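Only the coordinates and a few stated rules stand behind these numbers; no lab work does. Being a predicted model, the structure only gives us computed values, none of them experimental. All Cβ positions, even for glycine, are placed from backbone atoms using ideal geometry, and neighbour counts span all protein chains on display.
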Amino acid sequence: MILKGNMKIDENTKIIGRFHTIASPRGLNIYNPYFEETGTNAVYLLFHNKDPKVLVDGMRKLKLAGAITAGFESDTVLPTLLDELDANSKYIGKIGYLTYDNSKVVGHTQGGQGMFKTIKGISPVTNKKFVIVGAGNICKGVLFEIKKSGLECEVSIYNRDLSKAKSLQNDYSFVKSVSELSQLNQAHGDVLVNLTDIGGSEPDAIFTEEIINNFKAVVDVTFETENTNLITLAKKLRLPVATGWDMFTNQGQVCLEGILKEKVDFNILKKHVVAGLSEVVK
C-alpha cells in the first residue's frame, strides 16, 4: 500500500481495525486509499492475534472507532466478548464488523445488506422473481433484508442440502419453492443470484448459457476473479450483471458507514476495490 502523503492524521482520526488471526492485509490497500482520496479522517490498520479477547480488549482500551472482524466472522467466542449484537448478527450467527460507541462494543453483519444493495443496483425488487443458488449465511441475510424492506417479491432457492433451503422456506413466505442444485436447468425468473463459491474456490461445472438465458439479469457473490464463468456468459448474452467486486464494495460501504457514521461514496470505493483486489486476488 503506497499513499501519496495527503492523508490527515491527527487527534480526531478514527482508527478502524482489521481483526484477523494472521497477518492478512486484504483491504488495507482499498480503504486507506479511499480515505486519502475523499479526505476522510480515518485509517484502517491490521491487528492480528489468534485470541479475539486480546483484540476486543485492545479495542476498548484504545477506543477504536470500530473493526472489521475478517478472521473471526464465525468465531464462537467473539459474541461472548461483546456488549450487544444487532438483529442481523443474532439471526445469522455471524459477525462482520464491530462498532464502539458510548463505551459499548456492538457486533453487526454486513453480508445480507451488501448483497441486497448489490441486487437492487441492477434490478427493482418489487414483483420480481429471484432464483438464488445457495442457502448459506449470505442467503439468510438477503432474505432477512427483503423481509425487513417490506417489498413484495418471489424467491426460489437451489441448494445441494435441501434441508437448509427448506428451513429458510419455513421462515419466509415469499420463498415459494426450494429445489436441489441438480435441477437448476429448470429454473427461470428475473434475476439469477449465485451465493456460493462456485466459480471461485470451487470450479464451475454448473452454469451454462442455457440456464443463464432464462433470466434478465445476473448477480455473483464470488470475488476471487471479477469475470467468473457465470459473469462471462451473462455478458456474452448481453445481460445486466453485478459482480462479486460490486458485492465487495457494497459490503465495505455498509461496514464503513456503520463505523464512521457518515456517507461513503460507492463509485470512489469501487474504484479502489477494483485496484486493490486486482493486486491481491489471484
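Take the alpha-carbon centre of the stretch 87-130, take the same for the stretch 221-249, and report the distance between them in whole Å. So the separation of the two Cα centres works out to 21 Å.
Please give the helix 28-38 orientation as an angle from the longest Cα principal axis of the chain, in degrees from 0 to 90, rounded to the nearest 10. Orientation of helix 28-38: about 80 degrees from the principal axis.
Cut-off is 10 Å between beta-carbons; in what order do Ser177, Ser89 appear when sorted fewest neighbours first? Walk me through the numbers on the way to the answer.
Numbers: Ser177 13, Ser89 22.
Result, fewest neighbours first: Ser177, Ser89.
Remark: the chain carries a charge dipole of roughly 280 debye about the Cα centre, counting +1 on each Lys and Arg Cβ and -1 on each Asp and Glu Cβ. Which log10 I(q)/I(0) values, to two decimals, does the chain give at q = 0.11 Å⁻¹ under the Debye formula with one point per Cα? The computed values of log10 I(q)/I(0) come out as -0.65.
Calculated on C-alpha atoms, the gyration radius of the stretch 177-241 divided by its Kirkwood radius gives an Rg/Rh of 0.92. Computed log10 I(q)/I(0) for the stretch 17-102 at 0.19 Å⁻¹: -0.87, from the Debye equation with unit scatterers placed on every C-alpha and solvent omitted. With the Cα gyration tensor of the stretch 187-282 in hand, convert its eigenvalues to equivalent ellipsoid semi-axes via √(5λ) and list them largest first in whole Å. In descending order the semi-axes read 26, 15, 11 Å. Alpha-carbon geometry of the stretch 1-149: the Rg and the Dmax are 17.0, 50 Å, given in that order. Only aspartates and glutamates eight or more places from Lys164 in sequence, or on another chain, were considered; those with a Cα closer than 13 Å are Glu180.
Mean separation of Cα pairs under 8 Å and 6 or more residues apart, divided by the residue count, gives the chain a relative contact order of 15 percent.
Its Cα centre serving as origin, the stretch 122-168 has a Cβ charge dipole (Lys and Arg +1, Asp and Glu -1) of approximately 120 debye.
Normalised by 2.2 N^0.38 Å, where N is the number of residues, the C-alpha radius of gyration of the stretch 112-242 stands at 0.95. State the percent of C-alpha pairs, over all pairs in the stretch 113-154, separated by a distance greater than 15 angstrom. Of all Cα-Cα pairs in the stretch 113-154, 35 percent lie more than 15 Å apart.
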